[in-house]
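K.L.:
Got a structure here, written out as structure tokens. Questions coming.
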Amino acid sequence: MKIYKLKLEELDTLVSEVIENFPSGVVILRGDLACGKTTFVKEIVKKLGVSDDVTSPTFSLQQCYGDKIFHYDIYNHGLEHFISLGMLEELDRDGLHFVEWGDDELKSILQSAGIDVLTIDIEKISQDKREYRLDYA
């Protein structure tokens, strides 16, 4: 597990780490409301040179940026609804998939399907600083 304590203006350090070490697969983003999950995805999209506006997919369930960046939010509907819509098959597509509010059950399902998973737990330390815990397992 890697741990970073970063201010927003230092987030590029973490973004570079993820892009270098995890070029494709599913990134599960966990943390309280307004901790910075969507902000992290915005920074990834920007770093990869995609100019799309990044917004939380809370109500749409999925957003796509460029050809290979996918962003999901399962907070409102839960994992069962996500699975019932056939969205697990989406996560097997080539690219980077960011799932906000994913849990250990999703991680287990993905790993058993042979899909690479990175879990990032985000904790708000102060108004302008977050702790990011990365688990590549």
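K.L.:
Could you give the length gained by full extension between Glu80 and Ser51, i.e. 0.36 nm per residue of separation minus their alpha carbon distance, to one decimal place? The partial results should precede the final answer.
P.N.:
Values: separation 29, 0.36 × 29 = 10.44 nm, distance 3.23 nm.
Net length gain for the segment: 7.2 nm.
K.L.:
Hey, another quick one. What value in Å³ per residue do you get for the convex hull of the alpha-carbon atoms in segment 2-131?
P.N.:
In segment 2-131, the Cα convex hull volume per residue is 105 Å³.
K.L.:
Let me ask another. For the chain, which DSSP H helices look membrane-span-like by this rule: Cα extent along the axis of 18 Å or more and mean Kyte-Doolittle of at least 1.6?
P.N.:
Helices passing the filter in the chain: none found.
K.L.:
Can I ask one more? Work from the charge dipole of the chain (Cβ charges, +1 for Lys and Arg, -1 for Asp and Glu, about the Cα centre) and give the residue of Gly114, Ile3, Gln62 farthest towards its positive end.
P.N.:
Ile3
K.L.:
Checking the table Lys7/Lys37; Lys37/Lys124; Lys47/Lys124; Lys5/Lys107 against a 20 Å threshold on Cα-Cα, which pairs fail?
P.N.:
Beyond 20 Å between Cα atoms: Lys47/Lys124; Lys5/Lys107.
K.L.:
How big is the antiparallel share of DSSP beta bridges in segment 2-131, given as a percent to the nearest 5? Intermediate values should be presented prior to the final figure.
P.N.:
On the way: 10 of 25 bridges.
The antiparallel fraction comes to roughly 40 percent.
K.L.:
Taking R0 as 25 Å, what's the FRET efficiency between Asp116 and Ser60 from their Cβ-Cβ distance, rounded to 0.05?
P.N.:
With R0 = 25 Å, the Cβ-Cβ based efficiency is 0.50.
K.L.:
Here's something else I'd like to know. Using the charge dipole of the chain (Lys, Arg: +1 at Cβ; Asp, Glu: -1 at Cβ; taken about the Cα centre), state which of Gly95, Ala34, Leu85 has its Cα farthest towards the positive end.
P.N.:
In the chain, that residue is Ala34.
K.L.:
Once fully extended, how much extra length lies between Asn21 and Lys124, figured as 0.36 nm per residue of separation less the alpha-carbon to alpha-carbon distance?
P.N.:
Gain in length upon complete extension: 34.7 nm.
K.L.:
Which net charge results when you count Lys and Arg as +1 and Asp and Glu as -1 among the other residues whose beta-carbon is under 10 Å from that of Val117?
P.N.:
Around Val117, the charge tally is -1.
Bear in mind these aren't lab numbers, they're just calculated from the coordinates by the rules spelled out. From a predicted model like this one, the values you see are computed outputs, not experimental measurements. Note that we place each Cβ from the backbone using ideal geometry, even for glycine, and neighbour counts take in every protein chain shown.
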